[in-house]
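The next block holds one structure in the form of structure tokens; read it before the comments.
Read-outs: derived from the displayed coordinates by stated rules, not from any lab. These numbers come from a predicted model, not from an experiment. As a convention, Cβ positions derive from the backbone with ideal geometry for all residues, glycine included, and neighbour counts pool all protein chains shown.
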Amino acid sequence: MNRTELIEKKQIVEMEQDILNAMKTNDVQKLDGLLHEALFFTIPSGQTITKAMDLETYSSGNMKISEILYSEQDINIIGDNAIVSAVVEMKGTYFDYSLNGTYKVIRIWKLFHDTWKVIAGSSVVFDYKNNS
């Protein structure tokens with residue numbers, strides 16, 4: 001791994017921490033800066049949401065996260081893209097549904113003029129016992 005890849009991986013680790021903190025604290029302004037305008041993200045129900053939909057969910061209070069733990073992070077840098085795979089344990093609510101569970105999350109970051117933005121991602125319920 002060359003020096004540039006190490007620097008980029010360090011940046012992505014920091015950006016991932018930023019997005020998790022913004023999710024937990026409902027920091028819509030921070031999320032707005034981290035998500036690309038053309039974002040597509042597939043949630044565990046199979047629905048694909050956009051940036052506007054995601055920000056609305058947080059700003060309306062329909063997404064409330066009380067706890068979020070992050071582990072098993074893998075990062076691949078491919079050109080000006082970074083693909084992140086991680087396990088996220090989350091407690092909270094999404095509208096009237098419980099989010100208490102473990103999820104496998106993939107986020108794709110793209111570098112735009114020295115700024116990393118999430119352009120796509122997905123999350124699925126992860127049966128940790130059968131996948132470890």
Checklist entry - Rg to Rh ratio, the range 39-86, alpha-carbon atoms and Kirkwood radius? => result 1.04
Checklist outcome for this item: For the chain, whose charge dipole is built from +1 on Lys and Arg Cβ atoms and -1 on Asp and Glu Cβ atoms, the candidate among 46, 26, 111 with its Cα farthest towards the positive end is 46
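Average projected area of the Cα convex hull of the range 62-132, in nm²? Don't skip to the end; give the middle numbers.
On the way: hull surface 23.0 nm².
Across all orientations, the range 62-132 yields a mean hull projection of 5.8 nm².
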Checklist entry - So how do 105, 13, 125, 87 line up by other beta-carbon neighbours within 10 Å, fewest first? => result 125, 13, 87, 105
Checklist entry - So, in nm, how far is label residue 30 from label residue 85 when the simple model puts each one 7 Å beyond its Cα toward the Cβ? => result 2.7
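Using the Cα centre as the reference, give the magnitude of the dipole from point charges on the C-beta atoms of the range 8-132 (Lys, Arg: +1; Asp, Glu: -1; all else neutral), rounded to the nearest 20 debye.
Rounded to the nearest 20 debye, it is 160 debye.
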Next on the checklist: Taking the number of other C-beta atoms within 10 Å as the exposure measure, put 122, 85, 45 in order starting with the fewest.
Outcome noted: 45, 85, 122
Item to check | log10 of Debye I(q)/I(0), alpha-carbon scatterers only, for the chain at 0.12, 0.14, 0.17, 0.19 Å⁻¹ | outcome: -0.45, -0.61, -0.91, -1.14
Item to check | On Cα atoms only, tilt of 3-25 relative to the major axis of the chain in degrees | outcome: 20
